[in-house]
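The values are calculated or read from the model by the stated rules, or taken from the named source; none is laboratory data. Computed from a predicted model, the values in this text were never measured in an experiment. Note that each Cβ is placed from the backbone with ideal geometry, even for glycine, and that neighbours are counted across all protein chains shown. With ligands, DNA and RNA removed, areas are computed over all heavy atoms of the protein, side chains included. Shrake-Rupley method; radii C 1.70, N 1.55, O 1.52, S 1.80 Å.
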Amino acid sequence: MILLIDGDTPAYAAAAVCEDTDEQNAIWEANKTIERLLVATGTQSFKLFLTGTDNFRYAIFPEYKANRIKTPRPKHLAAVRESLVRSYGAIISQGCEADDLLGIEQVAASTHGTEETMICSIDKDLDQIPGWHYHPGIKRQGVWIREPRRYLVTPAEALHFFYYQLLIGDSTDGIKGAVGIGKAKAEKILEGCTTAEDYYHATSIFFSCEEELLLNARCLYIWQKENDTWMPPS
């Protein structure tokens, strides 16, 4: 089993926790997080991914993650990221996000029958990708607000999740989704859908035009191959 680690969160968290100390403490904290993930998942084989600066989503939708622009970055973040590249060979995305690289790796491993992989991330968007996932959990003030969890996403569940998210949007990333559609209504709309065509036809009527649907879908869609682009099912 190869653990595919979204390195953006461990890097940011380590730098933020050590904001008032020196960069070596931040680097140590990030390293410890990687070690804890390996112990928790029982593997020593892993790949680590970081998001670069040139994400295509900003070009097609300037408001993408605009709510984060004014948030100051922890001062040791760059040093932590450089250390992850040096120490673990972390791969920095070009033209996309770390999430996209995780999706590409997991789908490729499944398609070509190579060693099994497991995505490790707290990002719910990655539930679009079939296969094994590990959520490392979230703690606040020493209390678990979300327990660690290892789970399997089937192809049917992955397809459902993408269209569900397309309807409700993603406020974290500034993606509005379909107007007036909440979680319960989205599930009702998608009830009975089984194929990509079913999901597309059930979803498309809730957008003002195809361009609006395409913009939302392409920002939300996690790549499954190099230079991927979401297209409506034919």
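The Cα trace of the chain gives Rg and Dmax of 18.3, 55 Å, the first to one decimal, the second as a whole number.
Could you run the Debye sum over the Cα atoms of region 61-140, one equal point scatterer each and no solvent, and tell me log10 of I(q)/I(0) at q = 0.15, 0.20, 0.23 Å⁻¹, two decimals? For the requested q values the scattering log ratios are -0.76, -1.21, -1.31.
Carbon-plus-sulfur fraction of the accessible area of region 110-208, 1.4 Å probe, in percent?
Of all accessible area on region 110-208, carbon and sulfur atoms account for 55 percent.
If Lys and Arg each add +1 and Asp and Glu each add -1, what is the summed charge of the other residues whose beta carbon sits under 12 Å from the beta carbon of H135? Charge balance in the 12 Å sphere: 0. For region 99-234, the solvent-accessible area works out to 53 Å² per residue, with a probe of 1.4 Å and every protein chain left in place. Modelled spin labels at I92 and E115, positioned 7 Å past Cα toward Cβ, are 2.6 nm from each other. Here's the picture: charge each Lys and Arg Cβ at +1 and each Asp and Glu Cβ at -1 in the chain, and of V85, T41, T53 the one pushed furthest to the positive end of that dipole is T41.
Percent of alpha carbon pairs in region 1-115 separated by more than 19 Å? Spell out each step's value before the answer.
Working: 3387 of 6555 pairs.
Distances greater than 19 Å cover 52 percent of the Cα pairs.
Placing R0 at 30 angstrom, the Cβ-Cβ distance between K139 and E210 gives a FRET efficiency of 0.10 after rounding to 0.05. Applying 1/(1 + (r/R0)^6) with r as the Cβ-Cβ distance of L152 and E19 and R0 = 45 angstrom yields a FRET efficiency of 0.75.
Angle between the Cα long axis of helix 77-88 and the longest principal axis of the chain, 0 to 90 degrees, nearest 10? That helix lies at roughly 80 degrees to the long axis. Within a Cβ distance under 15 Å of S83, other residues only, what is the Lys/Arg minus Asp/Glu net charge? Within the 15 Å Cβ shell, the charges total -2.
When you count the other C-beta atoms within 10 angstrom of each residue and take the mean per peptide, 88-96, 16-24, 122-130 line up highest first as 122-130, 88-96, 16-24.
Based only on Cα atoms, what mean projected area does the convex hull of region 122-234 have, in nm²?
Result: 8.2 nm².
Each label was represented as a point 7 Å from its Cα along the Cα-to-Cβ direction; for D228 and T172 these points are 1.8 nm apart. Between A59 and T71, the simple label model (points 7 Å from Cα in the Cβ direction) yields a spacing of 2.5 nm.
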